[in-house]
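The values are calculated or read from the model by the stated rules, or taken from the named source; none is laboratory data. Because the structure is a prediction, the values reported are computed rather than measured. A quick note on method: Cβ atoms are made from the backbone with ideal geometry, for glycine too, and the neighbour counts reach across all protein chains shown. Protein only, heavy atoms only, side chains kept; ligands, DNA and RNA dropped before computing areas. Shrake-Rupley method; radii C 1.70, N 1.55, O 1.52, S 1.80 Å.
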Amino acid sequence: MIKIRDLEFEYYERDNEENLTDMVNAICGINFDAKKGDFIAVAGRNGSGKSTFAKILNRLLIPLEGTVIIGGIDAINDDDKAIEIRKKVGMVFQNPDDQIIGSIVSEDVAFGAENIGVPHEKLWDRVCKALEQAGLDIYMADKKINELSGGEKQKVAVAGVLAMKPECIVLDEATSMLDPASRWELLRTIKELNEKLNITIVMITHNMEELILADYIYIMNMGRIYMRGRRETIFDSKEKLEKAGLECPLIIDIRDALYEQGGIRDKNAFSISELVGKVKTLYPDKFTFDTKLMTNRKEIEKFNPTDAILINHLNFSYGKKNVLNDVSFSIGSGECVAIVGNTGVGKSTLIKLIPGLLTSDEGTVYIDGIDVMDRASDLRKIRRKIGLVFQYPEQQLFAKNVYEDVVFGPRNMGISEVEAEKRAYEAINLMGLTDDVYDMPLSKLSGGQKRRVAMAGVLAMKPKYLILDEPLAGLDPEGRHKMLEIIKSLHEEAGITIVMVSHDIESVAEYADRVIALDEGHVVCSGKPAYVFYEMFLRQHESMKKKNVSDKEFRTQIMNSNYMHNLPVIMQLLTALRLNGLKVDCLTVDNNQGIYNIINALGLDVRG
């Protein structure tokens, strides 16, 4: 299907007189093969050349040197075959706004298929099937694109490619904006397309858990192939992965810890179900049919702050679509609070209401006792207290270089130029950006750098509250850890109150003081991370109960459901063991505590 040899690609920059000003080697000597029906993952840190490589596969970029054969077509020299290549290779970008062009969902999904010659009378069937495969209900077909969440837009982009029925699908971080359940729903769909229809999959990803699905893995670093092999080989080289800015999937670390404690006898397990099977085979007498799921521990904290954010009976709708319904909660000064929920439940809308970027239909938002929704309130004064970093940082970057973008806010606060410059430099340094980026054009920044520059521009205004919309999306493991350390420092050392919307449940579990969960426009629970994640699982468990299904069948359905992935990995394992009959305490998001709970439930002595 795909054969690549000695691939080279360089980015050139020229001034207004077409003089060469800069040259970057993005791809250096890559060899790559993908047979019909292969499922291949390509991973690497930000800036390693993955997205450039993906665009070459779709002939969006033409390499400088090398051989690229796509479905028997010479992708470099056959200029008149570009359309044929794009029929064969569909591509889903990281940011759905880069490829969505229609104003209505159905017309956007149909666009690609229509342009490759699919008869008009067959288009609607293609659209319906593609929406279903991408995890979208058919009623979404008539929705306006501008009413969709970021995650819903990503599903629409995927549906648009599926409607073209390509031989190969290239996914460039296509799951990065989806909630965990939706991500695994999409990945299962992609896996089924791969297995049932023999579609070749090339998946570019930063999510290391996704590598487990691949038949073969390529690791890129500095434009080169740094590692290649099957998952067993790749995951046994932890130190080498770390040098490339990556890490092993968390399930592998948990598996290894369980092996060291005697919970399993070998390491031939790469999923929750495989781990559960090994533990159950080794200790069958510890699993009993009468074991029930644990009830949750009630530990919701109620806040009545006078110096904080207070949301009171908030309602909001886009036209006839109700997004938020009677939402009430408060955030105390100095807290680090995460807002979680499936794609499209209103998380991004909610945080836009807090600084008054949107106006509620009903209800109030108080910031330090001031009603944001009151037209008599001084919104300018309120917004100086609140820093908001959008889901896509490029949406708030506009100046000619990094320094000018960061200093823009302070300059417009009425402070002196000296103070504005001081704040800008402090904010840039606080975000871990080096001195050489000050004069760098924004177009040259990686996605992770853009996110940090956007945060620096907000921090330079010295907000009391920092609201972050998906601050970790699209970051490699190294970049994610750096961002989390920055957020932790801002919270613990600078005393800034953090409100973070995130689908990264592992990071939420580790860093958030409290979690607020939204579902269908309502706040359904609030409290410590372990409590909230388990409560959400129990609610889904109850909603999935069906009549005339045996308890054993139902437990299997729950274990295999996408909603298990809304739990942190250690809680997934604990819950799956409990569903299989092991009387283990599930209520922890701490990996070490989780391993201890398993060893304790098996009646073993903890080693070390």
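How many residues does the stretch 320-360 contain that are outside any loop (DSSP other than H, G, I, E, B), polar (S, T, N, Q), open to solvent by 50 Å² or more (accessible area, probe 1.4 Å) and free of Cβ contacts under 8 Å to residues at least 60 places away in the same chain?
Total satisfying the criteria: 0.
Let me confirm something: among Ile104, Ile83, Ile100, which residue is of a type outside the set (Gly, Ala, Ser), surrounded by fewer than 20 Cβ atoms within 10 Å (Cβ to Cβ) and at pLDDT 90 or above? So that I can check it myself, show each step before the final result.
Working: Ile83 fails: at pLDDT 90 or above; Ile100 fails: surrounded by fewer than 20 Cβ atoms within 10 Å (Cβ to Cβ).
Sole residue among the options that is of a type outside the set (Gly, Ala, Ser), surrounded by fewer than 20 Cβ atoms within 10 Å (Cβ to Cβ) and at pLDDT 90 or above: Ile104.
Checking Asn146 against (1) outside any strand (DSSP E or B); (2) open to solvent by less than 20 Å² (accessible area, probe 1.4 Å); (3) not charged (D, E, K, R): exactly one of these is not met. Which one?
The single condition Asn146 does not satisfy is (2).
Report, by residue number, each residue of the stretch 473-487 that is of a type outside the set (Val, Ile, Thr), surrounded by fewer than 19 Cβ atoms within 10 Å (Cβ to Cβ) and in contact (Cβ under 8 Å) with a residue 40 or more places away in the chain.
Passing the criteria: Glu478, Lys482.
Among the numbered criteria (1) in contact (Cβ under 8 Å) with a residue 40 or more places away in the chain; (2) closer than 30 Å to Pro441 by Cβ; (3) polar (S, T, N, Q), which single criterion is violated by Thr67?
So the condition that Thr67 fails would be (2).
Among the residues of the stretch 417-428, is any under 26 Å from the mean Cα position of the chain (by Cα), modelled with pLDDT of 90 or more, in a helix (DSSP H, G or I) and under 29 Å from Tyr11 (Cα atoms)? Even if it seems obvious, please write down each step before you answer.
Step one: list which residues in the stretch 417-428 are under 26 Å from the mean Cα position of the chain (by Cα), which gives 427-428.
Then drop every residue that is not modelled with pLDDT of 90 or more, which leaves 427-428.
From the residues that got through so far, the ones that are in a helix (DSSP H, G or I) too are 427-428.
Now drop any that are not under 29 Å from Tyr11 (Cα atoms), which leaves 428.
There is at least one residue in the stretch 417-428 that is under 26 Å from the mean Cα position of the chain (by Cα), modelled with pLDDT of 90 or more, in a helix (DSSP H, G or I) and under 29 Å from Tyr11 (Cα atoms).
Scan the stretch 275-289 and report the pairs whose first residue is farther than 16 Å from Asp256 by Cα and whose second residue is basic (Lys, Arg) and surrounded by 15 or more Cβ atoms within 10 Å (Cβ to Cβ), with Cβ atoms within less than 6 Å and a gap of 6+ or a chain change.
So the pair list comes out as Phe287/Lys280.
Among the residues in the stretch 527-544, are any aromatic (Phe, Trp, Tyr), at pLDDT 85 or above and open to solvent by 40 Å² or more (accessible area, probe 1.4 Å)? Even if it seems obvious, please write down each step before you answer.
In the first step, residues of the stretch 527-544 are kept if they are aromatic (Phe, Trp, Tyr); the result is 531, 533-534, 537.
Pick out the ones that are also at pLDDT 85 or above and you get 531, 533-534, 537.
Still in the running and open to solvent by 40 Å² or more (accessible area, probe 1.4 Å): none.
There is no residue in the stretch 527-544 that is aromatic (Phe, Trp, Tyr), at pLDDT 85 or above and open to solvent by 40 Å² or more (accessible area, probe 1.4 Å).
Which residues, taken from the stretch 389-434, are open to solvent by 70 Å² or more (accessible area, probe 1.4 Å) and of a type in the set (S, T, N, Q)? Show your work before the answer.
In the first step, residues of the stretch 389-434 are kept if they are open to solvent by 70 Å² or more (accessible area, probe 1.4 Å); the result is 394-395, 398, 400, 408, 411-412, 414, 417-418, 422, 425-426, 429-430, 434.
Listed by number, the residues that qualify are Gln395, Asn412, Asn429, Thr434.
Can you tell me which residues in the stretch 387-403 are under 15 Å from Met461 (Cβ atoms) and either of a type in the set (D, E, K, R) or part of a strand (DSSP E or B) (or both)?
Of everything in the stretch 387-403, those that are under 15 Å from Met461 (Cβ atoms) and either of a type in the set (D, E, K, R) or part of a strand (DSSP E or B) (or both) turn out to be Gly387, Leu388, Val389.
Exactly one of these conditions fails for Ile234: (1) within 26 Å of the chain's Cα centre (by Cα); (2) more than 21 Å from Lys50 (Cβ to Cβ). Give me its number.
Answer for Ile234: the failing condition is (2).
Out of curiosity, is Ile370 open to solvent by less than 30 Å² (accessible area, probe 1.4 Å), farther than 20 Å from Ala454 by Cβ, at pLDDT below 90 and not small (Gly, Ala, Ser)? Break it down into steps so the answer makes sense when it comes.
Numbers: open to solvent by less than 30 Å² (accessible area, probe 1.4 Å): no; farther than 20 Å from Ala454 by Cβ: yes; at pLDDT below 90: yes; not small (Gly, Ala, Ser): yes.
Considered against the rule, which asks whether it is open to solvent by less than 30 Å² (accessible area, probe 1.4 Å), farther than 20 Å from Ala454 by Cβ, at pLDDT below 90 and not small (Gly, Ala, Ser), Ile370 comes out as no.
From the list Asp179, Asp215, Asp142, which one is of a type in the set (Asp, Glu) and closer than 26 Å to Ile558 by Cβ?
Asp179
Considering the stretch 117-138 alone, what residues qualify as being at pLDDT 90 or above, among the charged types (D, E, K, R) and either under 33 Å from the mean Cα position of the chain (by Cα) or open to solvent by less than 20 Å² (accessible area, probe 1.4 Å) (or both)?
Asp125, Arg126, Lys129
Report those helices (runs of 4 or more DSSP H) wholly inside the stretch 192-270 carrying at least 3 residues which are among the charged types (D, E, K, R) and open to solvent by 10 Å² or more (accessible area, probe 1.4 Å). Lay out the reasoning, then the answer.
Values: elements: 231-235, 238-243, 250-260.
Helices (runs of 4 or more DSSP H) meeting the threshold: 238-243, 250-260.
In this structure, is Ile598 in contact with a strand residue (DSSP E or B) (Cβ under 9 Å, 6 or more places away or on another chain), open to solvent by less than 50 Å² (accessible area, probe 1.4 Å) and not basic (Lys, Arg)? If you could, list the steps in order and put the result at the bottom.
Numbers: in contact with a strand residue (DSSP E or B) (Cβ under 9 Å, 6 or more places away or on another chain): yes; open to solvent by less than 50 Å² (accessible area, probe 1.4 Å): yes; not basic (Lys, Arg): yes.
When the stated conditions are applied, Ile598 passes them.
Consider Gly363 against the criteria (1) under 17 Å from Val458 (Cβ atoms); (2) of a type outside the set (A, V, I, L, M); (3) part of a strand (DSSP E or B): it satisfies all of them except one. Which criterion is unmet?
Tallying (1) under 17 Å from Val458 (Cβ atoms); (2) of a type outside the set (A, V, I, L, M); (3) part of a strand (DSSP E or B), Gly363 fails exactly one: (1).
Out of all the residues in the stretch 51-61, is one or more open to solvent by 30 Å² or more (accessible area, probe 1.4 Å), among the β-branched types (Val, Ile, Thr) and at pLDDT 90 or above? Quick ask: steps written out before the conclusion?
Step one: list which residues in the stretch 51-61 are open to solvent by 30 Å² or more (accessible area, probe 1.4 Å), which gives 51, 55, 60-61.
Checking the rest, the ones that are also among the β-branched types (Val, Ile, Thr) come to none.
No, the stretch 51-61 contains no residue that is open to solvent by 30 Å² or more (accessible area, probe 1.4 Å), among the β-branched types (Val, Ile, Thr) and at pLDDT 90 or above.
Need pairs with beta-carbon distance below 6 Å; first residue without any contact (Cβ under 8 Å) to a residue 60 or more places away in the chain and more than 15 Å from Ile69 (Cα to Cα) and within the stretch 23-39, second assigned to a strand (DSSP E or B) and not hydrophobic (A, V, I, L, M, F, W, C); sequence gap 6+ or separate chains.
Once the first residue is without any contact (Cβ under 8 Å) to a residue 60 or more places away in the chain and more than 15 Å from Ile69 (Cα to Cα) and sits in the stretch 23-39, its partners that are assigned to a strand (DSSP E or B) and not hydrophobic (A, V, I, L, M, F, W, C) give Met23/Glu10; Met23/Tyr12; Val24/Tyr11.
Which condition number in (1) at negative phi; (2) at pLDDT 90 or above is the one that Gly363 fails?
For Gly363, the exception is condition (1).
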